[in-house]
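Quick notes on the structure that follows.
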Amino acid sequence: MNYKCIAMEEKPKKQVSIELPEDVAQGCYSNLAIITHSSSEFVFDFIRMMPGIQKAKVQNRIIMTPEHAKRFFNALEDNLKKYEEHFGKISLSGKGMPNIPLHFGDGTPEA
């Protein structure tokens with residue numbers, strides 16, 4: 001007789017078809033990200049600041065669960081490591097975050 005251990009069998013992996021619409025494929029440039037969080041979500045606001053212009057606008061807002069934010073962080077960390085191995089270390093110039101308020105719109109940030 002031939003016995004199989006069901007628990008050790010690999011489940012077939014499902015393939016997901018991901019559509020990338022043309023307008024999304026063009027992307028959106030951002031040179032500043034503001035990240036806030038609550039107990040249930042992380043909010044990533046991507047902003048484009050232009051030299052000499054005192055007003056900036058949020059270009060995109062991405063909201064993730066803490067678990068997906070952690071996965072995103074791990075994937076970004078892995079990709080930065082691979083990038084630096086291939087192209088060299090990324091040096092951070094400037095003096096950190098620009099002098100802008102961390103609240104905008106009608107409310108104040110909630111962390």
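The values are calculated or read from the model by the stated rules, or taken from the named source; none is laboratory data. Predicted model, so just to flag it, every value in this text is computed and none were measured. Positions of Cβ are backbone-derived with ideal geometry, glycine not excepted, and every protein chain shown enters the neighbour counts.
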Evaluate the following for LYS57: is it in contact with a Lys or Arg (Cβ under 9 Å, 6 or more places away or on another chain), among the basic types (Lys, Arg) and modelled with pLDDT under 95? yes
Could you list, in sequence order, the residues of segment 11-40 that are within 18 Å of the chain's Cα centre (by Cα), under 21 Å from VAL58 (Cα atoms) and of a type outside the set (Gly, Ala, Ser)? VAL24, GLN26, CYS28, TYR29, ASN31, LEU32, ILE34, ILE35, THR36, HIS37
Scan segment 43-65 residue by residue and report those that are more than 10 Å from the chain's Cα centre (by Cα), surrounded by 13 or more Cβ atoms within 10 Å (Cβ to Cβ) and not aliphatic (A, V, I, L, M). ARG48, GLN59, ASN60
Failed item, numbered, when VAL24 is tested on (1) surrounded by 10 or more Cβ atoms within 10 Å (Cβ to Cβ); (2) at pLDDT below 95: (1)
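Residues checked against (1) modelled with pLDDT of 95 or more; (2) in contact with a strand residue (DSSP E or B) (Cβ under 8 Å, 6 or more places away or on another chain):
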site	(1), (2)
LYS4	no, no
GLU10	no, no
LYS14	no, no
HIS37	yes, yes
SER40	yes, no
ASP45	yes, yes
Hey, any hits in segment 90-104 for a residue that's modelled with pLDDT of 95 or more and either in contact with a Lys or Arg (Cβ under 9 Å, 6 or more places away or on another chain) or not in a loop (DSSP other than H, G, I, E, B) (or both)? no
If I go through segment 37-47 residue by residue, how many of them are closer than 12 Å to MET64 by Cβ and of a type outside the set (Gly, Ala, Ser)? 5
